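Heads up, the thing below is written out as structure tokens.
The values are calculated or read from the model by the stated rules, or taken from the named source; none is laboratory data. Owing to the predicted nature of the structure, the values given are computational and were not obtained by experimental measurement. As a convention, Cβ positions derive from the backbone with ideal geometry for all residues, glycine included, and neighbour counts pool all protein chains shown. These area figures cover heavy atoms from the full protein model, side chains too; ligands, DNA and RNA do not enter into them. Shrake-Rupley method; radii C 1.70, N 1.55, O 1.52, S 1.80 Å.
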Amino acid sequence: MIKILANDGIDPIGKKLLEDAGFFVDTNNIPQDELPEKLKAYDAITVRSATKVRKALIDATPNLKVIGRGGVGMDNIDVEYAREKGLSVYNTPASSSLSVAELVFASLFGAVRFLHDSNRKMPVEGGTKFNDLKKAYAKGIELRGKTLGIVGFGRIGREVAKIAIGVGMDVLAYDLFDFNPELDIVLGGGSTVKVAVKKATLDEVIKAADFITLHTPFIDKALLGAEELAQTKKGVGLVNISRGGLIDELALVDALNSGQVSFAALDVFDNEPTPREEILKHPKISLTPHIGAATNEAQERIGVELANLIIDHFKK
Ligand SMILES: NC(=O)C1=CN([C@@H]2O[C@H](COP(=O)(O)OP(=O)(O)OC[C@H]3O[C@@H](n4cnc5c(N)ncnc54)[C@H](O)[C@@H]3O)[C@@H](O)[C@H]2O)C=CC1
Ligand SMILES: O=C(O)C(=O)COP(=O)(O)O
């Protein structure tokens with residue numbers, strides 16, 4: 001019987017698909033340091049972003065045939081090495097795009113009205129300093145009519161743009177590669193309308209946007225470091241739901257303290273799962289613990305897609 005370890009869990013519908021196909025699915029979370037020994041007994045492992053599948057683990061588990069990533073980023077897997085060793089590696093790249101895009105807007109709408117800070121302070125000071133807090137949060141802003149800079153115009157960047165257009169924002173989009181700026185926006189009743197975003201260089205996005213949201217993988221350096229942050233519009237708002245490292249965290253803290261950046265909404269961090277104190281405690285940072293893909297709908301789509309990929313792999 002094919003044995004699958006879903007080490008970071010799998011949606012129940014995906015699990016049932018695998019079981020109905022005759023596979024054994026173990027959803028126990030085996031600690032990273034025990035995996036080299038315990039994973040020997042399995043044919044496949046599925047992971048999200050928590051479990052790392054590095055060279056040493058691949059070398060220690062010669063029975064392993066498949067690595068499945070329930071999600072997009074495969075930076076926690078030594079993909080090339082695994083493939084060289086004859087393993088198949090799959091991910092589910094489109095299943096969570098909408099959920100990530102919605103979290104961008106949850107974060108943006110929240111941050112421009114200080115919800116992150118208000119939710120921290122109201123339980124402590126709301127009873128005694130209600131009017132002081134009311135004053136502190138008096139300078140909220142609307143999103144309509146503002147310019148959103150999107151860096152990385154792939155699956156998630158495009159979903160973000162669609163919501164932005166619905167909200168009435170101007171969109172400047174930049175990608176390393178040429179792209180089609182037209183989007184099909186679905187209206188009520190099922191009709192669609194084509195709307196194009198403005199193509200821009202990274203420099204133009206940095207200098208002209210009121211808010212910048214990043215949707216690229218992390219390769220080797222921050223896209224927004226001290227130099228770039230110094231060139232933004234004064235008071236720009238930043239969103240990073242992509243990967244830690246894309247914004248230089250220390251430069252960000254400086255830019256928040258000087259007022260160059262008015263807020264940052266972060267779902268991903270340099271050092272997960274233990275982000276640095278200056279980031280966790282900063283009153284101008286809206287925090288979420290890497291939950292971009294953490295909706296029932298996205299996880300169900302991911303689980304089903306991953307199950308079907310694994311079934312196809314072993315049944316072909
Ligand atoms: N926080 C979370 O829970 C989640 C985070 N993500 C992350 O979101 C990121 C984007 O995902 P997708 O949109 O699905 O990927 P995608 O591959 O569809 O789009 C990424 C785009 O970035 C562009 N790009 C790459 N390097 C660039 C650079 N240096 N400058 C400008 N553009 C660049 C690519 O050409 C591509 O168009 C991934 O890194 C993924 O890991 C994805 C899902 C959930
Ligand atoms: O799909 C991705 O790239 C993600 O970052 C999602 O991470 P998660 O599976 O929710 O731990």
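Sort out which residues of the stretch 147-195 are aliphatic (A, V, I, L, M), open to solvent by less than 60 Å² (accessible area, probe 1.4 Å) and more than 21 Å from Leu238 (Cβ to Cβ), and write them in order of number.
Across the stretch 147-195, the qualifying residues are Leu183, Ile185, Val193, Val195.
Just a yes or no: is a residue in the stretch 242-255 open to solvent by 10 Å² or more (accessible area, probe 1.4 Å), on the phi > 0 side of the Ramachandran plot and in the same structural domain as Phe153 (by TED's automatic domain parsing)?
yes
Taking the criterion of being under 28 Å from Ser49 (Cα atoms) and without any contact (Cβ under 8 Å) to a residue 40 or more places away in the chain, would at least one residue in the stretch 253-262 satisfy it?
Yes - at least one qualifying residue is present in the stretch 253-262.
Kindly indicate the residue of the stretch 34-56 that is open to solvent by less than 10 Å² (accessible area, probe 1.4 Å) and either in a loop (DSSP other than H, G, I, E, B) or not β-branched (Val, Ile, Thr) (or both) and also nearest to Ile241 (Cα to Cα) among those meeting that condition.
Thr51
For the structure I just gave you, tell me whether Lys52 is more than 16 Å from ligand 1 (Cβ to nearest atom), touching a residue at least 12 places away in the same chain (Cβ under 8 Å) and of a type outside the set (S, T, N, Q).
So Lys52 does not fit the description; no.
Using the structure shown, decide if Asp270 is touching a Lys or Arg at 6+ places or on another chain (Cβ under 8 Å), open to solvent by 60 Å² or more (accessible area, probe 1.4 Å) and modelled with pLDDT of 95 or more.
Against the criterion (touching a Lys or Arg at 6+ places or on another chain (Cβ under 8 Å), open to solvent by 60 Å² or more (accessible area, probe 1.4 Å) and modelled with pLDDT of 95 or more), Asp270 qualifies.
Could you please let me know if Ile310 is in contact with a Leu (Cβ under 7 Å, 6 or more places away or on another chain), open to solvent by less than 70 Å² (accessible area, probe 1.4 Å) and closer than 23 Å to Ala101 by Cα?
no
On the given criteria, is Leu17 open to solvent by 40 Å² or more (accessible area, probe 1.4 Å) and not basic (Lys, Arg)?
Spelling it out, Leu17 is indeed open to solvent by 40 Å² or more (accessible area, probe 1.4 Å) and not basic (Lys, Arg).
Quick one: what pairs do we get from the stretch 222-239, first residue touching a residue at least 40 places away in the same chain (Cβ under 8 Å), second charged (D, E, K, R) and open to solvent by 30 Å² or more (accessible area, probe 1.4 Å), C-beta under 8 Å, 6+ apart or different chains?
These pairs meet every condition: Gly237/Asp210.
So if I check each of Ile219, Ile241, which one is among the hydrophobic types (A, V, I, L, M, F, W, C), out of contact with any Asp or Glu (no Cβ under 9 Å at 6 or more places or on another chain), within 16 Å of ligand 2 (Cβ to nearest atom) and over 19 Å from Asp8 (Cα atoms)?
On inspection, the qualifying residue turns out to be Ile219.
Does Gly73 satisfy the criteria of being open to solvent by 10 Å² or more (accessible area, probe 1.4 Å), outside the structural domain of Ser262 (by TED's automatic domain parsing), in a loop (DSSP other than H, G, I, E, B) and touching a residue at least 60 places away in the same chain (Cβ under 8 Å)?
yes
Condition first: closer than 21 Å to Lys281 by Cβ, in contact with a Leu (Cβ under 9 Å, 6 or more places away or on another chain) and of a type outside the set (A, V, I, L, M). Can you find one or more residues in the stretch 209-231 that meet it?
No, the stretch 209-231 has no match at all.
If I filter the stretch 77-105 down to residues being under 18 Å from Gly303 (Cβ atoms) and in a loop (DSSP other than H, G, I, E, B), which single residue comes out as most open to solvent (accessible area, probe 1.4 Å)?
For the stretch 77-105, the residue satisfying everything is Ala94.
Looking at Ala111, Ala161 in this structure, which one is hydrophobic (A, V, I, L, M, F, W, C) and free of Cβ contacts under 8 Å to residues at least 60 places away in the same chain?
Ala161
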